[in-house]
Amino acid sequence: MYVIEAEKLTKRFGNFTAVDQISFEVSEGEIFGFLGANGAGKTTAMRILCGLSKPTSGKVRVAGFDIYKQTEQVKQHIGYMSQKFSLYGDLKVWENIRLFGGIYGLSEVQLKEKTDRILGLLDMEDKRDALVDSLPLGWKQKLAFSVAIVHEPRIVFLDEPTGGVDPVTRRQFWELIYQAARRGITIFVTTHYMDEAEYCDRVSIMVDGRIEALDTPLELKRKFCVENMNDVFYSLARKAQRGE
Amino acid sequence: MNNVQLNHITRSYGTIHAVRDVSLDIRSGELFGLIGPDGAGKTTLFRILTTLLLPDSGEAKVCGLDVRKDWKEIRGIAGYMPGRFSLYQDLSVEENLRFFATVFKTTVKENYDLIHDIYVQIEPFAKRRAGKLSGGMKQKLALCCALIHRPRVLFLDEPTTGVDPVSRKEFWDILSRIKKQGITIIVSTPYMDEASLCDRIALMKNGVCLRTDHPATISASYPHLLWAVCGADMYSLLLDIRAYPETYSCHAFGDRHHLALKSGKHEMNDLKHFLQGRGHSNVTIEPLVPSVEDYFMNFEEDKLCM
C-alpha cells in the first residue's frame with residue numbers, strides 16, 4: 001500500500017525546471033529520507049506533496065488523494081513540521097495542542113485525551129501551562145512533532161526537524177519518529193545530518209531537480225563502495241551544477 | 001598578536017543566563033571552534049567579542065584590546081559573519097563588497113588577494129542583488145564582506161547551519177586557507193563532526209563551557225570503554241540493549257549503536273547471549289574509538305549518575 005505515488009513529477013518556474021520528472025513511491029509506515037544539496041529542489045517537491053503548490057506536470061497521489069483535484073483532502077491527512085515553523089511561542093503548551101487539534105477537527109474528548117497522552121509521552125506534565133517560547137529548542141521540536149501528528153495523519157512531512165538540536169535530544173527525537181512509524185504513520189524527512197540518513201528505511205538523493213539515487217542506506221553504500229552515507233551524498237552531490 | 005581572551009564572562013537577559021562564567025584563551029592564528037547546540041551561549045559570546053553587547057561581568061580582550069574601553073579599535077580589526085544573513089539585500093554583490101570596504105576605509109582592490117578564491121565563485125553574479133542569491137552564495141558573499149578589511153580576528157557564527165554536507169566541506173576548506181594568512185578564526189557550529197576540523201574547541205551547553213582542548217584530546221578522554229553494536233532491526237536492538245542490566249549508555253550513531261557498559265569489562269558474550277534471547281541473531285560487537293560527540297553526550301550522563 002503506497003502512501004505517496006509520484007510519477008514524472010515536474011515543476012517549472014518560467015524556464016527554470018526546479019523538479020525534473022521525479023518518480024517514486026513511499027509505503028505505509030516507511031521512514032523515507034529525502035536528501036539533496038541546497039537548491040536541489042527538495043523544498044519545491046515537498047510543497048507539492050503537501051498540497052501547497054501545483055505541479056507543472058506528472059501524476060501525484062498523497063494518502064490516496066489526487067494532488068491536483070483533492071488538495072483539501074490531502075491537507076487533512078498529512079502532518080507537517082519544520083525547524084522554522086512549528087508552534088506558537090506565545091501560546092502555552094496545552095493551548096498549542098488544543099489549537100492544532102481543533103484545526104484538524106478533534107472533539108473535546110479527543111483533545112483532552114490527546115493532550116494528556118502527549119504530555120505523558122514527552123514527560124512534560126509539569127510544563128502544561130508553560131509558554132512554548134520558554135522551552136529549550138529540543139523540547140519544542142519534540143512537542144512540535146507530537147502536535148504535527150495529533151490528528152493521526154497517514155503521513156508526516158518533516159523539513160530539517162533537528163537542525164541545531166543537541167545530540168541527546170536529536171536522538172530522542174528520532175525515537176519519536178520510530179514510534180510513530182511503528183504505529184503506521186509514514187515519515188517523509190529531510191536532514192543535513194548524514195548519520196540520520198542511516199536511520200531511514202530508504203533514502204532518495206536529489207541533484208539538480210532529479211532523483212539520482214533511491215535505495216536503502218545499506219544498498220546505497222554498497223553501490224557506491226563507500227563506508228557511510230556522507231560519502232554516498234558526497235559522490236552524488238558534488239556533481240551538482242546549480243546552487244539554491 | 002591576534003589572540004582572544006575571555007575571563008569569567010557572564011551575561012544574562014532578564015532571568016535567562018545566556019553565558020555563565022566563561023573563560024577562554026584563544027591563541028594567535030588558531031582555528032578555534034565553539035561547539036554546542038542552540039542555546040549554548042555561542043552567539044552571546046560573539047556579540048560580546050565584537051563589542052555589540054556588554055558583558056554583565058568579566059573581562060574580554062581581542063588582540064589585547066578591551067571590549068569595554070577599546071571597542072572602536074576592535075571594530076576595525078575584527079571581521080564578523082553573524083548567523084543571520086545581514087548584508088544589504090537590495091544592493092548588488094559588488095555594491096555590498098564595495099560598501100563594506102569603504103566603511104573600513106579601504107578598497108576592494110587593496111585586499112582582493114585575501115578573498116580572491118572565494119569571490120571568483122560569486123563573481124558571475126556580481127550585478128545580482130544580494131537578496132536574490134542562493135543560500136550558498138549568500139554565505140560566500142558574507143564571508144568576503146567580513147574579510148575585505150583584512151581583519152586580524154574573524155568571528156563566524158554558525159556559518160554551516162542548514163548547509164548541505166558538500167557545501168559544508170567546501171566552507172571548511174576555505175577556512176583552512178584563510179587561517180594560513182595568520183588570521184585567528186573563531187567559528188561556532190552545532191555539528192559535532194566539525195569539531196575535528198578545529199585546532200582546539202570549547203564544548204558549550206546552556207551558557208557553560210564544559211571543556212576546552214584539542215578535539216583529539218577530548219575524545220581520547222572519554223571515560224568508558226566504547227563498543228559499536230550492529231544488527232538487523234536497529235531500533236528494537238537499541239531498546240533491548242538498554243534493557244540489559246549492565247548497560248551504562250547506548251546511543252544510535254548512524255548505522256551502529258555506541259554502547260558503554262557499567263563495569264567496563266571486555267567480555268561481550270553475556271550481552272550477545274542476552275540479545276539472542278530477545279531475537280537478535282546476527283549481532284556484531286566491536287571496540288570503538290570515541291568521538292567528540294560521544295564525549296559531549298556522556299558529559300551529561302556522568303553528571304546525572306554522580
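The values are calculated or read from the model by the stated rules, or taken from the named source; none is laboratory data. In this text the structure is predicted, and so the values were computed from the model without any measurement. Don't worry about glycine lacking a Cβ; one is built from the backbone with ideal geometry, like all the others, and counts go over all protein chains shown. Accessible surface areas use protein heavy atoms only, side chains included; no ligands, DNA or RNA. Shrake-Rupley method; radii C 1.70, N 1.55, O 1.52, S 1.80 Å.
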Any idea of the accessible area per residue across chain B, 1.4 Å probe, to the nearest Å²? 45 Å²
Which value at 222 nm does chain A reach when only helices count, each DSSP H run of 4 or more adding -39,500 (n - 2.57), with the total divided by all residues and rounded to the nearest 500 deg cm²/dmol? -10500 deg cm²/dmol
Nothing charged except the Cβ atoms of Lys and Arg (+1) and of Asp and Glu (-1): what's the magnitude of the dipole of the protein assembly as shown about its Cα centre? Round to the nearest 20 debye. 1620 debye
Can you figure out the FRET efficiency of A:Ser134 with A:Asp201, using R₀ = 51 Å and their beta-carbon distance, to the nearest 0.05? 0.90
Share of Cα-Cα pairs in the range B:226-289 beyond 13 Å, in percent? 56 percent
Checking the cross-link filter: which aspartates and glutamates have an alpha carbon closer than 19 Å to that of A:Lys127, excluding same-chain neighbours under 8 positions apart? A:Asp90, A:Glu95, A:Glu113, A:Asp116
Can you pull the mean other chain C-beta count within 10 Å for peptide B:245-258? 3
How big is the B-A contact in terms of buried accessible area, both chains counted, 1.4 Å probe, rounded to the nearest 100 Å²? 2500 Å²
Put simply, what bits of the range A:23-69 lose 20 Å² or more of accessible area when the other protein chains are there, versus the chain on its own (1.4 Å probe)? A:Asn38
Of all DSSP beta bridges having both residues in the protein assembly as shown, the percent classed as antiparallel (nearest 5) is 60 percent
Do you know which residues of the range B:113-151 lose at least 20 square angstrom of accessible area in the protein assembly compared with their chain on its own, with a 1.4 angstrom probe? B:Ser134, B:Gly135
Grab the other residues whose beta carbon is less than 11 angstrom from that of B:Leu45, score K and R as +1, D and E as -1, and report the net. +2
Here the net charge surrounding B:Ile183, from other residues whose Cβ is less than 11 Å away from its Cβ (Lys, Arg +1; Asp, Glu -1), is +4
Just to be sure I follow: if Rg is taken over the C-alpha atoms of the protein assembly as shown and Rh is the Kirkwood radius over the same atoms, what is Rg/Rh? 0.97
If you filter the range B:220-301 for GluC sites (Glu not before Pro), then keep DSSP loop positions with at most 11 other Cβ within 10 Å, what is left? B:Glu267
From the cross-link list A:Lys239/B:Lys132; A:Lys59/A:Lys114; A:Lys239/B:Lys180; A:Lys42/A:Lys223; B:Lys42/B:Lys109, which pairs have alpha carbons spaced over 26 Å apart? A:Lys59/A:Lys114; A:Lys239/B:Lys180; B:Lys42/B:Lys109
Once Lys and Arg get +1 and Asp and Glu get -1 on their Cβ, which of A:Asn96, A:Ile205, A:Val189 lies farthest toward the positive end of the dipole of chain A? A:Ile205
Of B:Phe155, B:Ser188, B:Ala126, which is farthest towards the positive pole of the protein assembly as shown's charge dipole, taken about the Cα centre with +1 and -1 on the beta-carbons of Lys, Arg and Asp, Glu respectively? B:Ala126
Would you calculate the separation in nanometres between label points at B:Lys109 and A:Lys59, each defined as 7 Å from the Cα along the Cα-to-beta-carbon direction? 6.4 nm
For the range B:4-214, one quarter of the surface area of the C-alpha convex hull, expressed in nm², comes to 11.1 nm²
Taking only DSSP H segments of four or more residues, each worth -39500 (n - 2.57), what value at 222 nm results for chain B once the sum is divided by all its residues, to the nearest 500 deg cm²/dmol? -10000 deg cm²/dmol
Debye calc, one equal point scatterer per Cα of the range A:2-237, no solvent, log10 I(q)/I(0) at q = 0.11, 0.13, 0.14 1/Å comes to -0.57, -0.79, -0.91
Where both partners of a DSSP beta bridge lie in chain A, what percent of those bridges are antiparallel, to the nearest 5? 55 percent
Given +1 on the Cβ of Lys and Arg, -1 on the Cβ of Asp and Glu, and no further charges, what dipole in debye does the range A:2-237 carry about its Cα centre, rounded to the nearest 20? 640 debye
In a shell of Cβ-Cβ distance under 15 Å around B:Gly14, excluding B:Gly14 itself, what net charge do Lys and Arg (+1) and Asp and Glu (-1) give? 0
Set of aspartates and glutamates with alpha-carbon distance to B:Lys69 below 15 Å, sequence-local pairs under 8 removed: B:Asp56, B:Glu59
Using +1 on the beta carbon of Lys and Arg, -1 on that of Asp and Glu, and nothing else charged, what's the dipole of chain B about the Cα centre, debye to 20? 1120 debye
Leaving out ligands, DNA and RNA, what percent of the accessible area of the protein assembly as shown is carbon and sulfur, probe 1.4 Å? 50 percent
If you count only protein heavy atoms with a 1.4 Å probe, what accessible area per residue comes out for the range A:106-190, rounded to a whole Å²? 38 Å²
Peptide A:167-180 - average C-beta neighbours from other chains (10 Å radius): 4
Given points 7 Å out from each Cα along the Cα-Cβ axis, report the B:Lys262 to A:Leu218 separation in nanometres with one decimal. 3.3 nm
How about B:Lys272: which aspartates and glutamates have a C-alpha closer than 14 Å to its C-alpha, ignoring those fewer than 8 places off in the same chain? B:Asp240, B:Glu246, B:Glu286
